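Derivation of every value follows stated rules applied to the coordinates shown; laboratory data play no part. It should be emphasised that the depicted structure is a prediction, and the values quoted were computed from it without experimental measurement. Quick reminder, even Gly has a Cβ in these numbers, built from the backbone with ideal geometry, and neighbours come from all protein chains shown.
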Amino acid sequence: MQTKLLASIATSAMLMVMTHSASAGLAPGIYVVENLHPEGGIPRTHPAAISADGSKVAGTSITYVSGINEALLWDTGNLVGLGDLAGASPSVSPELNSFAHDISPNGAYVVGQGNGTSGTEAVYWSGGSGPVPLGDLPGGAYYSEARGVSNDLTIVGGGTSSLGSEAFVWYGAMTGLGDLPGGDFNSVANDISADASVIVGTGHSALGQEAFVYRDGTMTGLGDLSGGEFQSAANGVSSDGTTIVGTSKSGATNRDEAFIWRDGVMTGLGQLPDGGLSSAASATSGDGSVVVGYAEIEPQDGLTSAATIWDEVNGMRALKDVLTDVYGFDLGGFVPIAASAISDDGLTIAGYGYDIDLLEGDNYRAFVVRLPEPGTLSIAAIIAAIGLIRRGVRF
């Protein structure tokens, strides 16, 4: 395994403010998540999930020229490659072709998929060990991938069975969860609550593609937002299991709209107020009070997507505007274009974006941003800290 210490970027592009943070061990600021194999050509890193305390991020290091992909763990600034299953032939697939999709809230387990002798297989990593294979569902072509994991190592995902593409739960053994009734058999489980009591995902019912919740042995469709073509997908669930987030077709324009579902009601989160065309919710904080995702926007500086953050008081906002206008971060030419994960306290967010000031090479950057603890660091203090960093002062 390869370990890299991520350097903070103290330039006009991105800044890490060197102050103390009570939780997660991260100082407020923005951190770059590097690529494990930059020599492979067009390297990009995709953060997928954050531990509850915000200290660990799971994701995938992707290199588009060489085709080498490797699951990774970013642990309070240390980047570790998680490796892959053994035995796959390099003539059939790259030497490394593993992906990480989730990390348990307690940070003990990472789940995803690896590439072994049998094909693509769901795996988990724990305690610095190599990937542990989970097998697949019986009866179909060999394929499985793990999408979510709880604190007790209950794992959910999707694979192929004798019925078709099927959601599964694994707790020592893999069991198919079936699908919603009436449609083409095609389901996948995307996330699970911290205590493993609530599983969410996407299935196909008589109405069409439909988000579902699975609990107490029963899969229930969540419906969709009214007014558009029937189509919804559940992407995440809060750690406490109360809030489900995802995307649904909505309105006369039939555009995608982010939603939250709680207490049996699906509520659309709208679009960005200035030029928002569609939106999607990727993840939510531990109690469902903060939701992150992305929105399609009218082209701005060549970009057509913006990372978003939503709460009940402020509604949906561009993450870039929150970082600059509310917290005083100087992002220079960096624009977050998608937010994929958030910690339980809502203060650590991971995603990716572009630096429009870079003229050479790939300007794609993955990031982790740590926001100040409420009441512990004022906007004025952040701005003052940025000024000191620019003058070469570390504190």
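Brief remarks follow.
- Segment 263-330 and segment 217-257 have their alpha-carbon centroids 16 Å apart.
- Percentage relative contact order, segment 3-390, counting C-alpha pairs under 8 Å, at least six apart: 13
- Theoretical ellipticity at 222 nm over the chain - DSSP helices of four or more residues, -39500 (n - 2.57) apiece, nearest 500: -1000 deg cm²/dmol
- Net charge of the neighbourhood of residue 225, taken over other residues with C-beta under 11 Å away and scored Lys/Arg +1, Asp/Glu -1, is -2.
- Stretchable slack from residue 126 to residue 304, in nm (0.36 nm times residue separation minus alpha-carbon distance): 60.3 nm
- Cα-projected label distance for residue 197 with residue 185, points at 7 Å along beta-carbon direction, nm: 3.2
- Extending 7 Å from the Cα toward the beta-carbon at both residue 106 and residue 42 defines two label points whose distance is 4.1 nm.
- Extending 7 Å from the Cα toward the beta-carbon at both residue 326 and residue 171 defines two label points whose distance is 3.7 nm.
- The magnitude of the dipole of the chain, with charges of +1 and -1 set on the Cβ of Lys/Arg and Asp/Glu and taken from the Cα centre, is near 740 debye.
- When segment 151-298 is described by a simple charge dipole with +1 on each Lys and Arg Cβ and -1 on each Asp and Glu Cβ, the residue from 188, 261, 279 located farthest towards its positive end is 188.
- At q = 0.23 Å⁻¹ the log10 of I(q)/I(0) for segment 227-334 amounts to -1.25, computed by Debye summation with a single uniform scatterer per C-alpha, solvent ignored.
- Cα-Cα separations in segment 132-288 greater than 28 Å, expressed as whole percent: 19
- Comparing 139, 200, 230 along the charge dipole axis of the chain, the residue lying farthest to the positive side is 200, per the Cβ-charge model.
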